[in-house]
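The values are calculated or read from the model by the stated rules, or taken from the named source; none is laboratory data. A quick note: this is a predicted structure, and the numbers were derived from the prediction, not measured. When we count neighbours, we look across all protein chains shown, and the Cβ atoms used for this are built from the backbone with ideal geometry, even at glycine. Accessible surface areas use protein heavy atoms only, side chains included; no ligands, DNA or RNA. Shrake-Rupley method; radii C 1.70, N 1.55, O 1.52, S 1.80 Å.
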Amino acid sequence: MTVLIKIIQLILSLSILVIIHEFGHFIASRIFGVRVEKFYMFFDWKFSIFRCKKVNGRWKFKFFCKNEPEKYITHEKIDPVTKKKDYEYEKIDLNTLPEDDWRRAEDSTEFGLGWVPLGGYCKIAGMIDESMDQAQMAQEPQPWEFRTKPAWQRLIIMIGGVFMNVVLAFLIYIGLIASYGEQYVSTTEVNKYGITVDSLGYNLGLRDGDKILAVNGNFIEDFSQIPMTMILEDTKSIEVERDGEEITVELPEDAVNQILKARSVFIGMRMPFVVGGFSNGSYAEKAGVLANDQIIGINDVPTPYFHDFKNEIVNHRDEDVDLMVIRDNDTVTVITHVGGDATIGVYAAQVLQVSTKEYTFWQSIPRGFKRTGKELSDYWKQLKLIVKPSTGAYENLGGFITIGSIFPDSFIWEQFWRMTAFLSIILAVMNILPIPGLDGGHVLFLIWEVVTDRKPSDKFLERATTIGFIFLLLLLIYANGNDIIRLFR
């Protein structure tokens, strides 16, 4: 059931993102008088689940139907010199078709839902895109086609999708900030007890109980942002307070590589283990442990902090232990059983105070703008790490399984919209990359045209788009292959 909930959230989120992205292309095209032949959610290879179109002033609907026949007749020909096969395309006289034939309504957009849930598309007349409609491009250019418009209009049409994804993220962040504010545990609050580290954190030079004062000379207010800051800013040193003394921890040269490969939370918040609640059938509750008890030891081993308890309890699976707790300023010993999974059925209370900044709607607008800008900047830095082989970041590329895993196990609207805003940023950045087949590839060629006043030929654009799609397909296979490999590790 958990997997199904994640899948539903993923499909819903991607559907929203694709519709908004393609709407950006659609509305920009219509503003400049360019016809949009199709607007589809998901891909409609061979047939569609649903489609509709305005024909002769009336909306017509079809369900579970094959795609409409082409508007062109294809004639094969052989070059007498090179003996290579080529094609000629003859446009059908649409006036000879029945009155209700959809092909006659050329100026009307067909809206539909495909059956291949891998995105969607907006088919713009006279444009070389994923449809690779060579028949249309072989005809005489028409004033309502993309290719006949000035370069600056075509540029706006191409960046319309990316622009709308950024706007969507901006609007979502405004709504989230206005509704929920911003919650985080401050580094100052964590420094009450210091940090905990795993083996990676230890190798980096950090120690349990360290209090982080600065990262690369800068104080990070939100403690949860410290690991990402270390990765994105290629941190060289961390200033900490250790045993009452301020020292500088110099990180290894390959620190970023180690962090990315480990894929672990190498620093955490150290805190006392105060009982916040019990699971069903809790051994500790049956033994007499009470809410708000502070667990400080197992048998004769002191466990003053929660991470100490976790490290020690694994040594006592299926055993009865003496649990030392502080209750009302007294030390009490409770004999409890430890399960085979090394748990006693206790939830830890949130000891550290969570800081909350609340904003009015009008205050959330500039804050949302700043948050959107930061997410764009951070993701761009992550991409730079991926193309830098020395970091090994490319090994962490993931596909649909990785994307789906970021959604929570239950449907929580706040988390859903946070993830959707984050994915919208990713979609915007990825689409603007100068790779043929993506919006950024079209933008690159348009900028070239504006600068040189020379338009790339249709044949060049077709070949470049084909190469771009092959590259993207290989990237998709690699990313999803990583997901599958990680499932079996």
Problem set entry | In the range 187-243, the residues that are within 19 Å of MET271 (Cα to Cα), without any contact (Cβ under 8 Å) to a residue 60 or more places away in the chain and in a loop (DSSP other than H, G, I, E, B) | ASN191, ARG207, ASP210, GLU221, ASP243
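Okay, residues lined up against (1) closer than 22 Å to MET164 by Cβ; (2) open to solvent by 20 Å² or more (accessible area, probe 1.4 Å); (3) of a type outside the set (Val, Ile, Thr); (4) modelled with pLDDT under 80:
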position	(1), (2), (3), (4)
ALA428	yes, no, yes, no
PRO434	yes, yes, yes, no
GLY440	yes, no, yes, no
ARG463	no, yes, yes, no
ILE470	no, yes, no, no
LEU473	no, yes, yes, yes
ASN480	no, yes, yes, yes
ILE485	no, yes, no, yes
Exercise. Does GLY181 meet the test of being among the small types (Gly, Ala, Ser), in contact (Cβ under 8 Å) with a residue 24 or more places away in the chain and touching a strand residue (DSSP E or B) at 6+ places or on another chain (Cβ under 8 Å)?
Worked result: yes
Exercise. So which of VAL289, VAL240, VAL275 ends up being touching an Asp or Glu at 6+ places or on another chain (Cβ under 6 Å), closer than 30 Å to ASP322 by Cβ and either among the β-branched types (Val, Ile, Thr) or open to solvent by 50 Å² or more (accessible area, probe 1.4 Å) (or both)?
Worked result: VAL275
Seminar exercise, completed: Filtering the range 408-426 down to residues that are outside any helix (DSSP H, G or I) and either among the hydrophobic types (A, V, I, L, M, F, W, C) or open to solvent by less than 20 Å² (accessible area, probe 1.4 Å) (or both) yields PHE411, ILE412
Exercise. Within the group GLU250, GLU246, which residue is in contact (Cβ under 8 Å) with a residue 24 or more places away in the chain, acidic (Asp, Glu) and within 30 Å of VAL387 (Cβ to Cβ)?
Worked result: GLU250
For this session: Go through (1) of a type outside the set (A, V, I, L, M); (2) open to solvent by 50 Å² or more (accessible area, probe 1.4 Å); (3) in contact with a Leu (Cβ under 6 Å, 6 or more places away or on another chain) one by one and return the number of the condition THR336 breaks.
Result: (2)
For this session: For the range 343-353, name all the residues that are within 23 Å of ASN280 (Cα to Cα) and open to solvent by 10 Å² or more (accessible area, probe 1.4 Å).
Result: THR343, GLY345, VAL346, TYR347, ALA348, ALA349, GLN350, VAL351
Exercise. Being assigned to a strand (DSSP E or B), aliphatic (A, V, I, L, M) and open to solvent by 60 Å² or more (accessible area, probe 1.4 Å), is that true of even one residue in the range 299-314?
Worked result: no
For this session: Look at THR391 and say whether it is at pLDDT 90 or above, crowded, with 16+ Cβ neighbours inside 10 Å, of a type in the set (Val, Ile, Thr) and closer than 30 Å to ILE259 by Cβ.
Result: no
Exercise. From the list LYS123, LYS62, which residue is within 28 Å of ARG154 (Cα to Cα), in a strand (DSSP E or B), at pLDDT 75 or above and not hydrophobic (A, V, I, L, M, F, W, C)?
Worked result: LYS123
Exercise. Here are some residues: PHE23, PHE47, PHE39. Which one is over 15 Å from PHE163 (Cβ atoms), open to solvent by 40 Å² or more (accessible area, probe 1.4 Å), in contact (Cβ under 8 Å) with a residue 12 or more places away in the chain and of a type in the set (Phe, Trp, Tyr)?
Worked result: PHE47
Problem set entry | Every pair of residues 6+ apart whose Cβ atoms lie under 9 Å, when the first sits in the range 359-385 and is farther than 17 Å from TRP417 by Cα while the second is of a type in the set (Ser, Thr, Tyr) and surrounded by fewer than 18 Cβ atoms within 10 Å (Cβ to Cβ) | LEU385/TYR394
Seminar exercise, completed: Scanning the range 4-40 residue by residue, those of a type in the set (Ser, Thr, Tyr), more than 16 Å from the chain's Cα centre (by Cα) and assigned to a helix (DSSP H, G or I) turn out to be SER29
For this session: Could you tell me whether ASN165 is modelled with pLDDT of 90 or more and in contact with a His (Cβ under 7 Å, 6 or more places away or on another chain)?
Result: yes
Seminar exercise, completed: When restricted to ILE326, ILE344, ILE335, ILE298, the only residue within 26 Å of THR196 (Cα to Cα), in contact (Cβ under 8 Å) with a residue 40 or more places away in the chain and not aromatic (Phe, Trp, Tyr) is ILE344
For this session: With the condition kept exactly as written, say whether any residue in the range 156-166 is in a strand (DSSP E or B) and open to solvent by less than 10 Å² (accessible area, probe 1.4 Å).
Result: no
Exercise. If you go through the range 446-457 one residue at a time, how many are open to solvent by 40 Å² or more (accessible area, probe 1.4 Å) and part of a helix (DSSP H, G or I)?
Worked result: 5
